[in-house]
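Data block below; observations after.
The values are calculated or read from the model by the stated rules, or taken from the named source; none is laboratory data. These figures come from a predicted structure and were not determined experimentally. Neighbour counts are summed over all protein chains in view; Cβ atoms, including those assigned to glycine, are modelled from backbone coordinates with ideal geometry. Accessible surface areas use protein heavy atoms only, side chains included; no ligands, DNA or RNA. Shrake-Rupley method; radii C 1.70, N 1.55, O 1.52, S 1.80 Å.
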Amino acid sequence: MRLQGIAAFACATAISTGTAIAGGADLTVFDWSGYEDPGFFASYMEKYGNEAPSYSYFGSQEEAFTKLSSGFTADLAHPCSDAVRKWVAADLIQPLDESKLTNWADVLPEIKEVDAIVLDGKLYMLPFEWGNTGLIYRTDKISGDDISLQMLADPAYAGKIAVPDAASSAYALAALATGNADDYTNLSDEQFKEASDFLRSIHPNMRFYWSDAGQFDQAMTSGEIELGWAWNQSELNLIWNEVPAAMMRDVDKGIATWACGYVHLKSSTTPVDQVYDLLNALTDPASGQYIIDNWGYPHSNAKAFEVADQANIEAYGFADPKSFFEGSLFFDAVNPELEAKMLAEFERIKAGF
């Protein structure tokens, strides 16, 4: 009754003053599937009458870039840091105002230093979540002592592996497997050939190239696949569902780290204050606690690690965030010419050429 009374009063006030009350759904977000979870933006929901933003979805950053470049409009989008330079160059996004970001001071310093978060002194992406892409395997089928990226090419696993349907992720895997991780963003012609040859060597073993993490999880659960390159959320989903699985986290054998967040699109038409209401909700410690405890992804806000379940923090290896940003391959922006080569060659590899 109290909430209804407040709502009625607010509505009457709006009518009497001639102002309109924005609805939560007036804000549009272009995002990965799953991030419409209200647990990520509880304070936004509270402010906008328990109404969530409107969501449209993309399956890869390449798809998102193509769609936005073709005129698709939204207020916010959710790329990862390696895409930001390209999006800025294409004039798709606008700088963020740090003074309107109530949680910016609490963002992990390691993430603030990630390439392309800030460009030419301007903040373009507000980090939200980060994590790993690594080799996940069935522990009842493969020994942790034996696991390696090179196993993906072993004929014993014909039809038993899966990797993302994304050139950037596939070539990160290949760069790690061929010992060229340090040069991932600017591979020489010889290194590019080595990486491409590795991807060709694992193609005959491919059950599928996944575009949805749920597809990967289901196949691993059923035993359809036994190992593959995927996000750490998949590892935790499998463990939570009592599937014997683990991610190889040996930096000497190969693991990648990424950071993703939200950008303010130039096509945005929703009032700026409402846009920042959602950004501030997403980076609130409560949002961070939710994503850590329920999704298994580390959050950008350092205070989230204080309020999240400490047993989870230890179990997921998040006690020392700095360690994730050292020693692993980090997904930075790839040289544009190299990126074009990766995209074209990956399509050929998937087609069996």
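Work out the FRET efficiency for V307 and A90 from their Cβ-Cβ distance, taking R0 = 51 Å, and round it to the nearest 0.05.
The calculated FRET efficiency here is 0.85.
Set the Förster distance to 25 Å, then compute FRET efficiency between S148 and T221 from the Cβ-Cβ distance, nearest 0.05.
0.60
Using amide H atoms built in the peptide plane, which far-off residues or other-chain residues are under 5 Å from L92 H to H?
Here the answer is none, since no amide H 5 or more places off falls under 5 Å of that of L92.
Label point 7 Å out from S43 along Cα-to-Cβ: which residues of segment 92-135 have amide N under 18 Å?
97-108, 126-129
For a quick check: with amide H placed at 1.01 Å from N, whose amide H comes under 5 Å from F330's, ignoring anything fewer than 5 positions away on the same chain?
For F330, the qualifying residues are T257.
If you roll a 1.4 Å probe over the heavy atoms of the protein chains, what accessible area per residue do you get for the chain, in Å²?
Accessible surface, normalised per residue, equals 44 Å².
Of the listed peptides 120-130, 189-199, what is their order by residue-averaged count of other C-beta atoms within 10 Å, with the highest listed first?
The most tightly packed comes first, giving 120-130, 189-199.
Set the Förster radius R0 to 45 Å, insert the Cβ-Cβ distance between F353 and N241 as r into 1/(1 + (r/R0)^6), and round the FRET efficiency to 0.05.
It comes to 0.75.
Using the structure shown, list the pairs from K266/K350; K112/K350; K67/K253; K122/K341; K122/K350 with a Cα-Cα distance above 31 Å, or answer none.
K266/K350; K112/K350; K67/K253; K122/K350
Taking amide H atoms as placed 1.01 Å from N in the peptide plane, list the residues 5 or more away in sequence, or in a different chain, whose amide H sits under 5 Å from that of Y55.
V29
The list (i) 146; (ii) 170; (iii) 202 gives values of volume of the Cα convex hull per residue in Å³, and only one came from this structure; which label was calculated from it?
Computing volume of the Cα convex hull per residue in Å³ and matching it to (i) 146; (ii) 170; (iii) 202 gives (i).
Rank A286, A315, A42 by mean-square fluctuation in a GNM of the chain with C-alpha springs under 10 angstrom and give only the top-ranked residue.
A315
Give me a comma-separated list of calculated 3J(HN,Hα) values for segment 315-327, in order, Karplus coefficients 6.51, -1.76, 1.60 applied at θ = phi - 60°, integers in Hz, x for any Gly or Pro.
5, 8, x, 9, 5, 10, x, 4, 5, 6, 9, 10, x
Reachable aspartates and glutamates from K141, Cα under 13 Å, same-chain residues fewer than 8 places away excluded?
E224, E226
Whole-Å semi-axes of segment 206-271's equivalent ellipsoid, largest first, each the root of 5 times a Cα gyration tensor eigenvalue?
In descending order the semi-axes read 30, 16, 12 Å.
Taking 8 Å as the Cα distance limit and 6 or more residues as the minimum spacing, I'd like the relative contact order of the chain as a percentage.
About 26 percent, as a whole number.
Want the number for S323 to F72: 0.36 nm per residue separation, take away the alpha-carbon distance, what's left?
86.5 nm
Provide, in order from the shortest bin, the percent of all Cα-Cα pairs of segment 122-237 in each 5 Å bin, continuing until the bin that contains the maximum pair distance.
P(r) over segment 122-237, rounded to whole percents: 2, 11, 21, 22, 19, 12, 7, 3, 1, 0, 0.
For segment 135-180, which whole percent of the accessible surface, found with a 1.4 angstrom probe, sits on carbon and sulfur atoms?
Solvent-exposed carbon and sulfur of segment 135-180 make up 42 percent of the total.
Rounded to whole Hz and in sequence order, give me ³J(HN,Hα) for segment 48-54 from the Karplus expression 6.51 cos²θ - 1.76 cosθ + 1.60, θ = phi - 60°, writing x for Gly and Pro.
Values per residue, Gly and Pro as x: 10, x, 6, 10, 7, x, 8 Hz.
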